[in-house]
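Here is the structure we will look at.
The values are calculated or read from the model by the stated rules, or taken from the named source; none is laboratory data. Only a predicted model underlies this, so the values are computations on that prediction, with no experimental measurement involved. All Cβ positions, even for glycine, are placed from backbone atoms using ideal geometry, and neighbour counts span all protein chains on display.
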Amino acid sequence: MRIVFWAALFWITNFTSSVHAQQVQPAVDSMAYYNNTKKLAIGNPKFIEYAPTIQADGKTIIFQSNEGRKYDLYQTHRENSGWGKSVALNEINKTTDSTDLIGGPSISFDGNTLYYFRSIGKNANHDIFYSSRTKDGWGEPVNIGAPINTEPLINKDKEEVVAGYEAFPSVTADEKSLYFIRVNKEGPRDKELRKQNSFCTCIYKSDKTSDGTWGKPVKLPWPINQDCEKAPRIMADGKTLIFSSNRPGGKGGYDMYQSKLNTIGEWSTPEPLNFVNTEKDDQLPCISAEGDLMYYTYNNADIYSVVIPPNLRQFMNNIVQGYITDEDSKAGIGAKVIVTDALTSEVVITLDNNPSDGRYTLVLPVGRSFNLEFKKEGYSSYMYALDLRAVKKYQEKTLDVQLFKSVKLNLNINDNEIFEPLLADVKVKAKGQSALLKDTKNNAKDGTLLIDLPIGTDYEVIVSAPHFKSVSFEFNTAGLVIYRNFEKYVELVPDKVEVMVNVSDVLNNSKVKAKVLLKNKNRDEVIEVEGNQLVSLRSGDRYEMEVTSDQGYAFSSGMIDASQGNIAPVNVKLLKLERDAKLTLRDINFESNSVKLSDVSFTELLRVVQLMIENPTLKVEVDAHTDDVGNDQYNLLLSQQRAKSVVDFLLENKINSDRFTAKGFGESQSKVPNDSEENRAMNRRVELKIVGI
């Protein structure tokens, strides 16, 4: 988490923000006026409070104090009436003993890393350490190591002559540069100061290399390092440096100065911060989040606050903070936050949050608009637009971000012609790979399938079903992923076979103009074509066929089975509606030893109804026949009753009774010998005999 104070501490005396221009300026001398606003912020007459560093939201100050009889680190939280009771940072302090010192704390702008220096023993090295924030507090101290920290100078007798001294660190907002002090071996330039100072330090800077390690420190040039300089504080812009110096021309002791780094890498002449400088030592400043207060160490004893003159205040800031968590586990995760200028797309800052709890904080200036991107390898990204161009006051915004490790692909698989849900096989693999990651089926009822796919892979999804053309598509989660739920409609195209339906007269074999109606028995599909032409049928399905003609022919019905692929031409023979002609009805079935018609019979009987309606002068005799199972008398009676059942159905469908007669013939008129089950089925039949036309 990198807390970004944009343009923090613009101590340029001619800077005037439009936000502050409306404020009423005091009539008296401004420097004197604001110097008089100085007051004690954190102080106990029994102890020394030193080197404050403030968290970006302005609610926590960490400082150095000898409250525990040696210098350790403490923190205090802001309360309504001021600052609360100080609490020792025992996670860090416990690593030293009574002869050690820990001091010069400087919290990173994101609040996740605390830099400080420590010494072990009365004459030991002063080295820079850091601790990372955890969900339980601060982690174990880590020595920042070489080349920042140096070893003591040892003489030939293996005696320590000069201890290494690196102290008072200050890190840039992106944590790519570290400012600190070392012993100034050359001493101050000023002759008078040379006489006065026995211990003198100067300011160094180390930059991180491309591999993330710290580079060789470089001593800052004149005019920064002139005499004895200490307590550097680099502001969030990475260009504004405030430090303390005893150079001639000050008010006395160590005064605070500010210098700016220009575009060609040169530091401006340091300007004294006279609104706060006194004849005592003034040093180690930190600025509140609202930018109106400076906290600093006064007279090496206590922490004071002072109101910053409006024309010297940093540009007004807004805070955006929250937690980045895993959407499923709700645990905090480490992620990268990239802030870009919404107008220029320039990357303003790149930072990492705290992985232990996911907390992050951004401090951004008003008057600009930004795009915020939250991202993590193997997770989704989150984009947020923040427009601060019209904002005129300090605000804190909470923005909690949830990232997820997988996306949910909801497939809807349908037949592309009739739009019915379709049962299909779904296979998922990484693009270019043969191994399957998923091999499953969708829901047959609604055609849906929800697939959970980890982010970071370019997938290939293959959808197939028997007798349909398979479909494959790419689903790439390796790039930028913002949304979790994706809907994909997959329409499979059925395989087709072409069938020739020939319709002709049953006696002379001449072609008959007819209408062919095909009803799919596997799905909701109806096809209507003219006879004597090719028709495309779905491979693998069965069709109920009904052929009718308005040329004075009876209907014909049957089945076409396309489940085996290619089909031979279908030849339909139509019976001319003439006296004594007989039409055998299909699928007229009765329950066993019963005269009750089964449901399957109704389709064919309704065709008879339609035939009678289309031919209003047609009169028929309903003839029922049985096989040879049972005695003759029983079969004759059964056939008569069954013929009557058919007539009753026709009468129920508004066909006049004078157009029907019913006859039963038992087993007396077999069409084929009753020597097999197949032949017996053919003999159990109902026929229509035309008796009038």
Scope the range 29-76; condition among the charged types (D, E, K, R) and either within 17 Å of SER288 (Cα to Cα) or not in a strand (DSSP E or B) (or both); matching residues: ASP29, LYS38, LYS39, LYS46, ASP57, LYS59, GLU67, ARG69, LYS70
The lone exception for VAL547 - which of (1) assigned by TED's automatic domain parsing to the domain that holds LYS671; (2) modelled with pLDDT of 90 or more; (3) within 30 Å of PRO673 (Cβ to Cβ) it fails: (1)
Residues of the range 178-201 satisfying the condition of being under 16 Å from TRP267 (Cα atoms) and modelled with pLDDT under 95: none
Single residue of the range 211-243 satisfying the filter (at positive phi and surrounded by fewer than 18 Cβ atoms within 10 Å (Cβ to Cβ)) that is nearest to the chain's Cα centre (by Cα): GLY212
Only listed residue being touching a strand residue (DSSP E or B) at 6+ places or on another chain (Cβ under 6 Å), free of Cβ contacts under 8 Å to residues at least 40 places away in the same chain and not aliphatic (A, V, I, L, M), chosen from GLN633, GLN640: GLN640
Test for GLU91: is it at pLDDT 90 or above, of a type outside the set (A, V, I, L, M, F, W, C), assigned to a helix (DSSP H, G or I) and not assigned by TED's automatic domain parsing to the domain that holds VAL363: yes
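Test ILE324 against the criterion of being modelled with pLDDT under 90 and in a strand (DSSP E or B), and give yes or no.
Numbers: modelled with pLDDT under 90: no; in a strand (DSSP E or B): yes.
For ILE324, the condition - modelled with pLDDT under 90 and in a strand (DSSP E or B) - is not met.
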Any chance ASN277 is over 43 Å from the mean Cα position of the chain (by Cα), polar (S, T, N, Q) and over 21 Å from ASN225 (Cα atoms): no
Test result for ARG133, surrounded by 12 or more Cβ atoms within 10 Å (Cβ to Cβ), at pLDDT 85 or above and over 29 Å from VAL347 (Cβ atoms): no
Members of the range 136-177 found to be of a type outside the set (Asp, Glu), modelled with pLDDT of 80 or more and at positive phi, listed by number: GLY137, GLY145, PHE168
Subset of the range 252-263 (residues that are in a loop (DSSP other than H, G, I, E, B) and modelled with pLDDT of 90 or more): TYR254
Matching residues in the range 244-287 - criterion: being over 17 Å from PRO223 (Cβ atoms) and surrounded by fewer than 21 Cβ atoms within 10 Å (Cβ to Cβ): LYS251, GLY252, GLY253, THR263, ASN274, THR278, GLU279, LYS280
Any hit, the range 512-522, residues being more than 23 Å from ASP587 (Cα to Cα) and in contact with a Gly (Cβ under 8 Å, 6 or more places away or on another chain): yes
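Answer yes if at least one residue in the range 600-614 is of a type in the set (S, T, N, Q), under 17 Å from ASP550 (Cβ atoms), modelled with pLDDT of 90 or more and in contact with a Leu (Cβ under 9 Å, 6 or more places away or on another chain), and no otherwise.
There is no residue in the range 600-614 that is of a type in the set (S, T, N, Q), under 17 Å from ASP550 (Cβ atoms), modelled with pLDDT of 90 or more and in contact with a Leu (Cβ under 9 Å, 6 or more places away or on another chain).
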Options LEU507, LEU449; residue that is more than 24 Å from ASP541 (Cα to Cα) and within 26 Å of the chain's Cα centre (by Cα): LEU449
Matching residues in the range 97-112 - criterion: being surrounded by 24 or more Cβ atoms within 10 Å (Cβ to Cβ) and in contact with an Asp or Glu (Cβ under 7 Å, 6 or more places away or on another chain): SER108
Selected residue [in contact (Cβ under 8 Å) with a residue 40 or more places away in the chain, in contact with a Lys or Arg (Cβ under 8 Å, 6 or more places away or on another chain), closer than 21 Å to ILE62 by Cα and in a strand (DSSP E or B)] from ILE303, ILE349, ILE242: ILE242
Residues (of a type in the set (S, T, N, Q) and either within 21 Å of VAL183 (Cα to Cα) or not assigned by TED's automatic domain parsing to the domain that holds LYS280 (or both)) located in the range 222-257: ASN225, GLN226, SER244, SER245, ASN246
For ARG247: the one exception among (1) more than 29 Å from LYS336 (Cα to Cα); (2) under 53 Å from the mean Cα position of the chain (by Cα): (2)
Scan of the range 615-628 for residues that are in contact (Cβ under 8 Å) with a residue 24 or more places away in the chain and exposed (fewer than 13 other Cβ atoms within 10 Å of the Cβ), ordered by number: THR617
Members of the range 473-488 found to be of a type in the set (Gly, Ala, Ser) and either surrounded by 12 or more Cβ atoms within 10 Å (Cβ to Cβ) or outside the structural domain of ASN416 (by TED's automatic domain parsing) (or both), listed by number: ALA478
Residue check for PHE63: modelled with pLDDT of 95 or more and either buried (at least 21 other Cβ atoms within 10 Å of the Cβ) or aliphatic (A, V, I, L, M) (or both): yes
Selected residue (criterion: farthest from GLY104 (Cα to Cα)) from residues of the range 303-327 that are touching a strand residue (DSSP E or B) at 6+ places or on another chain (Cβ under 8 Å) and surrounded by fewer than 18 Cβ atoms within 10 Å (Cβ to Cβ): GLU327
GLY558 within 50 Å of the chain's Cα centre (by Cα) and either outside the structural domain of ASN615 (by TED's automatic domain parsing) or crowded, with 18+ Cβ neighbours inside 10 Å (or both): no
Positions within the range 571-603 being crowded, with 18+ Cβ neighbours inside 10 Å and outside any loop (DSSP other than H, G, I, E, B), in sequence order: VAL572, LEU574, LEU583, LEU585, PHE590, LEU597, SER601
The range 113-122, subset assigned to a strand (DSSP E or B) and among the hydrophobic types (A, V, I, L, M, F, W, C), residue surrounded by the most Cβ atoms within 10 Å (Cβ to Cβ): PHE117
Condition check for ASN300: within 17 Å of ILE42 (Cβ to Cβ), polar (S, T, N, Q) and modelled with pLDDT of 90 or more: yes
Flag for TYR295 being under 15 Å from ILE42 (Cβ atoms) and among the hydroxyl-bearing types (Ser, Thr, Tyr): yes
